[in-house]
């Protein structure tokens, strides 16, 4: 496992600092974020010189080998496909979420598990999963995905209708993926930070910057589909999805699309210890910096 810091220059001067210090092979940004291995000595120099140049917004990505990924029993779902909402759609779905009673599942903040979403138009291939809008991380699935999930007899999920807001009847070709199976609270380690913000809706909330982590016992006898006890799916109380390796394997075998899979760490494992050590190095480097700070993540 390698932890990569992804550095977003906050101005032209900090970008010039990166381009001057990084070897050419590292100078290819991804979405204007420059990857630097946390174990690379140059990272500390970049933060130090970046303080005089304006600093960086810092996110991080854990990169796993194929062997390490095969050892993982559960994955957090990562959205790769969004189904757009119109203004009417958004109003309906925002009201739906706001009206869904919060559930105290043991995390620091309550979660909501809404169903009954509506859209005026859906463009989604049968083999695809798509999030409703760009804020819910609640998913609709095409007919081929539904068939794979049903034939595999995956546990912990059900299908809910998606309302066509033009006709006021359910769409026939897609359904909402739903689960009310909720995990135990996740481990709060150094890859989780408490937000300091001028905005009241953000200030004081936890933000997850890395991989979800649980004791091994918390992942025993968990259904194939489950939700986190924390609202990592967004500011509106929606939780993230955790699926079994069986689901990730079926996704690949049947060439389904719309999700990537982030490994869930088991806290007793050597892999987690390696992961945690790398995060501690990154957190200490950011803490020493005067101008750089973490951004992004899930909260």
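The values are calculated or read from the model by the stated rules, or taken from the named source; none is laboratory data. Predicted, not measured: the structure shown is a model, and the values here were computed from it. No Cβ is skipped: glycine too gets one built from the backbone with ideal geometry, and neighbour counts run over all protein chains shown.
If we scan the stretch 56-72, do we find a residue that is farther than 30 Å from residue 268 by Cα and modelled with pLDDT of 95 or more? Yes, the conditions are met somewhere in the stretch 56-72. Suppose we filter the stretch 282-292 for residues that are in a loop (DSSP other than H, G, I, E, B) and within 19 Å of residue 35 (Cβ to Cβ); how many remain? Summing the residues that are in a loop (DSSP other than H, G, I, E, B) and within 19 Å of residue 35 (Cβ to Cβ) in the stretch 282-292 gives 2. For the stretch 68-88, filtered to residues that are in contact with a helix residue (DSSP H, G or I) (Cβ under 9 Å, 6 or more places away or on another chain) and in contact (Cβ under 8 Å) with a residue 60 or more places away in the chain, the residue that is farthest from residue 274 (Cα to Cα) is 77.
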